[in-house]
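Just below is one structure, and these are the notes that go with it.
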Amino acid sequence: MSDNESLHKALQIRQLNSASTTGIEIAKTNGAKYRLGPELEICGYGCADHFYESDTLLHSFQVLKKLLESPITKDIICDVGMPIMHHNVRYNCRVLFLN
C-alpha cells in the first residue's frame, strides 16, 4: 500500500471517530445510558480488503484509545464495532466500555 493510500485510510478512520463521538453526544443528550454503534463502526464497514491490513487494526485501536479518554464517553455504556486480532486471526467484534 502506498503512503498516500495509508494516509487516506487514516483520514477515513478519523472521520468515523468524529461520527462516533457525535453519535455518543446525541445519545447522551437524549438521556440514553447505552449507545450501540454499527458494525465495524471504528474502521468503517466499507473498509473491504483493508480489514486484513495491520494498520487498520492499529488505527482502530488509536481511535478506541481516544474514545476511552474522551469526556464524551463518561457515564454512558458505549458499544462500538471494530476489528480485533486474537492468535493471528482477525475478528469483527463488539467492544463495550463504560467510563
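Within region 79-97, identify whether any single residue is modelled with pLDDT of 90 or more, in a loop (DSSP other than H, G, I, E, B), out of contact with any Leu (no Cβ under 7 Å at 6 or more places or on another chain) and open to solvent by 30 Å² or more (accessible area, probe 1.4 Å), and answer yes or no. Yes, because at least one residue in region 79-97 is modelled with pLDDT of 90 or more, in a loop (DSSP other than H, G, I, E, B), out of contact with any Leu (no Cβ under 7 Å at 6 or more places or on another chain) and open to solvent by 30 Å² or more (accessible area, probe 1.4 Å).
Look at K28 and say whether it is modelled with pLDDT of 90 or more, among the charged types (D, E, K, R) and surrounded by 15 or more Cβ atoms within 10 Å (Cβ to Cβ). Answer is yes for this residue.
Looking only at residues in region 31-54 that are open to solvent by 80 Å² or more (accessible area, probe 1.4 Å) and of a type in the set (D, E, K, R), the one that is modelled with the lowest pLDDT is D49. The number of residues in region 46-61 being under 23 Å from T22 (Cα atoms) and free of Cβ contacts under 8 Å to residues at least 40 places away in the same chain comes to 5.
The values are calculated or read from the model by the stated rules, or taken from the named source; none is laboratory data. Quick caveat, the model's predicted, so the values are computed rather than measured. As a convention, Cβ positions derive from the backbone with ideal geometry for all residues, glycine included, and neighbour counts pool all protein chains shown. For accessibility, only protein heavy atoms count, side chains too; no ligands or nucleic acids. Shrake-Rupley method; radii C 1.70, N 1.55, O 1.52, S 1.80 Å.
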